[in-house]
Amino acid sequence: MGSPELSADGYLAKPYDQLKLRAQLEKQLRIKRCIAQVEALRDRREWEQALAECEKLHKQFPALGVLIFRIKGLIYLEQQQYQKALAVFERIRQAHDKPGFVLRLG
């Protein structure tokens, strides 16, 4: 088990394909731009605004559900709201344990 804030953003299989690498990098940059506001709020320790931004992002980009919920869990940890953080991470874990399950948390 690893640290939630240090998890991998993606994986590439060897041998590396330059087109796949470029596509993966562009995808990660798009995601980073999408979550930039919530990360800035976290940096300023504006927890409630960051949580509200997470909700907004989840509605706007449902495919980023796991990432957004991971960020919410980290915000709860930063607020020392351990039970809320545990509940978020447990929902993510349970969703990952179900083959073919599409994560739609909310």
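Annotations for the structure displayed:
- Lys32 vs. criteria within 11 Å of the chain's Cα centre (by Cα), of a type in the set (D, E, K, R) and loosely packed, with under 15 Cβ neighbours inside 10 Å: yes
- Odd one out for Ile75 among (1) surrounded by 15 or more Cβ atoms within 10 Å (Cβ to Cβ); (2) modelled with pLDDT of 95 or more; (3) more than 14 Å from the chain's Cα centre (by Cα): (3)
- Of the helices (runs of 4 or more DSSP H) that lie entirely inside the range 13-106, those containing 1 or more residues that are hydroxyl-bearing (Ser, Thr, Tyr) span 65-78, 82-96.
- Of all residues in the range 45-58 being without any contact (Cβ under 8 Å) to a residue 24 or more places away in the chain and more than 14 Å from the chain's Cα centre (by Cα), the one that is farthest from Arg91 (Cα to Cα): Glu46
The values are calculated or read from the model by the stated rules, or taken from the named source; none is laboratory data. Please read all numbers here as calculations on a predicted model, not as lab measurements. No Cβ is skipped: glycine too gets one built from the backbone with ideal geometry, and neighbour counts run over all protein chains shown.
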